[in-house]
1. Any chance you could run the full-extension gain for Ala66 through Glu41? It's 0.36 nm times the residue separation minus the Cα-Cα distance, nm to one decimal.
2. Share of antiparallel DSSP beta bridges in the chain, in percent to the nearest 5?
3. Each label point is 7 Å from the Cα along the Cα-to-Cβ direction; what then is the distance between the points at Glu83 and Glu4, in nm?
4. For a 26 Å ceiling on Cα separation, which of these pairs sit above it: Lys58/Lys103; Lys14/Lys99; Lys40/Lys99; Lys58/Lys99?
5. In a GNM of the chain with a 10 Å cut-off on Cα contacts, which of Ile60, Ile74, Ile26 has the highest mean-square fluctuation?
6. Report P(r) for region 37-89: all Cα-Cα distances, bin width 10 Å, range 0 to the bin holding the largest distance, values in whole percent.
7. Please state, rounded to one decimal and in Å, the Kirkwood hydrodynamic radius that the chain gives when every pair of distinct Cα atoms enters the mean of 1/r.
8. Springs between alpha-carbon pairs under 10 angstrom, Gaussian network model over the chain: which of Val51, Val80, Val21 fluctuates most?
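Quick note: the coordinates plus some simple rules give every number you see, no bench work behind them. Just so it is clear, the model here is predicted, and its values are computed rather than measured. Cβ sites come from the backbone with ideal geometry, for glycine too, and all protein chains shown count toward neighbours.
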Amino acid sequence: MNYETIREKAEELKGDGYRMVQICGITGSGSTELIYSFDKEFRLLNLKVTVPSGAAVKSITPSYWAAFVYENEIHDLFDVEFEDSMLDYKGNFFRTGPKTPWKSQDPKGAA
């Protein structure tokens, strides 16, 4: 799945009756991988997107309001920007010692 089209896919899933379950992130090599999970009738659908460092992802909050929690968490921990979020804490959702503690600092993957 392409990170540039996740909002459109979320809108499609919402229209098909899916509910959002969660969004999680993991540091990759010069990128962050996001797993979006959706459920319909006890069937789980996972979409994996790779977000290059410095790229912004369109927020899915217009379709799934509760996504603001996950998006703000991912922003604060991984430094992934979300465009047009319905509720953006602007990097103040969590208080952490180091800023964006799980962001890959090395393009080769070493944190």
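1. On the way: separation 25, 0.36 × 25 = 9.00 nm, distance 1.94 nm.
Taking 0.36 nm per residue and subtracting the Cα distance, the gain is 7.1 nm.
2. Numbers: 18 of 21 bridges.
That works out to approximately 85 percent antiparallel.
3. The two pseudo-label positions are separated by 1.0 nm.
4. Too far apart for the 26 Å limit: Lys14/Lys99; Lys40/Lys99.
5. Largest GNM mean-square fluctuation: Ile26.
6. 24, 51, 23, 3
7. Details: mean 1/r = 0.0705 Å⁻¹.
Computed over Cα pairs of the chain, the Kirkwood hydrodynamic radius comes out at 14.2 Å.
8. Val21
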